[in-house]
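Q: To start, I am sharing the structure in question, which I have written as structure tokens.
The values are calculated or read from the model by the stated rules, or taken from the named source; none is laboratory data. Quick caveat, the model's predicted, so the values are computed rather than measured. Reconstructed Cβ throughout: ideal geometry from the backbone, glycine too, with neighbour counts over all protein chains shown. With ligands, DNA and RNA removed, areas are computed over all heavy atoms of the protein, side chains included. Shrake-Rupley method; radii C 1.70, N 1.55, O 1.52, S 1.80 Å.
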Amino acid sequence: MIPSGLSAVRETLGVSLTADESLLVTATDRSIELINAAAQAAADRLAHDIIAYDVSDVLSITDAFLVASAPNDRQVKSIVDEIEERLNKDLGVKPVRREGDREARWVLLDYVDIVVHVQHSEERVFYALERLWKDCPEISLPEDAVKTRGLAEEHAKSRAAGDVDGDLS
């Protein structure tokens, strides 16, 4: 909280916002609905570290980003397939673009209103998307998705300790 009398301002596309205003989620209700459905689908397929950001104030091309990861290529594909199937079946939407399928190291699903990034854990650490969007408001997610926070670190520790499977389901 900013003490009264002080005015911290963040510049966003030429719009001045106070620090409190900059933390408000301004994504549309539809975008929030899509993000929550995608987050739940990712959690159901055991994605790690699911997080969503409202980028509507800083990007004009989309309202929100969902980021999730998995420890192997097969699981990345499974998460992506589940998100795509769930959003199509439950909400009647299909991505306008799907990139990165061949390698399954970083798959992007572009739904225009939202963009879903599912990354292999190694790519997640290397590219650190959270660092890029840390100033954007975080979108509240379903409890199952929130519970995935820290799973990538647990998985890495179990692998280092010699648990070859690293199964933390």
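Q: Would the range 31-49 turn up any residue that is open to solvent by less than 40 Å² (accessible area, probe 1.4 Å), at pLDDT 95 or above, in contact with a Pro (Cβ under 9 Å, 6 or more places away or on another chain) and not in a helix (DSSP H, G or I)?
A: So far as the range 31-49 goes, yes, one or more of its residues are open to solvent by less than 40 Å² (accessible area, probe 1.4 Å), at pLDDT 95 or above, in contact with a Pro (Cβ under 9 Å, 6 or more places away or on another chain) and not in a helix (DSSP H, G or I).
Q: Have a look at 118, 80 and point out the one that is open to solvent by less than 30 Å² (accessible area, probe 1.4 Å), of a type outside the set (Gly, Ala, Ser) and assigned to a helix (DSSP H, G or I).
A: Result of the check over 118, 80: 80.
Q: Let me ask something additional. Run residue 86 past the list (1) touching a Pro at 6+ places or on another chain (Cβ under 6 Å); (2) closer than 22 Å to residue 54 by Cβ and report the number of the one that doesn't hold.
A: Of the numbered conditions (1) touching a Pro at 6+ places or on another chain (Cβ under 6 Å); (2) closer than 22 Å to residue 54 by Cβ, the odd one out for residue 86 is (1).
Q: Another one. With outside any loop (DSSP other than H, G, I, E, B), surrounded by fewer than 14 Cβ atoms within 10 Å (Cβ to Cβ) and modelled with pLDDT under 95 as the only criterion, which of 103, 85, 11 stands out?
A: Just one listed residue meets the conditions, 11.
Q: Can you find, within the range 121-147, the residue that is least open to solvent (accessible area, probe 1.4 Å) among those that are more than 12 Å from the chain's Cα centre (by Cα) and among the aromatic types (Phe, Trp, Tyr)?
A: Only one residue fits best here, namely 127.
Q: Now for a separate question. So the check is Cβ under 7 Å with 6+ separation or different chains; which pairs have a first residue in the range 93-120 that's on the phi > 0 side of the Ramachandran plot and a second one that's part of a strand (DSSP E or B)?
A: 100/106; 100/107; 100/108
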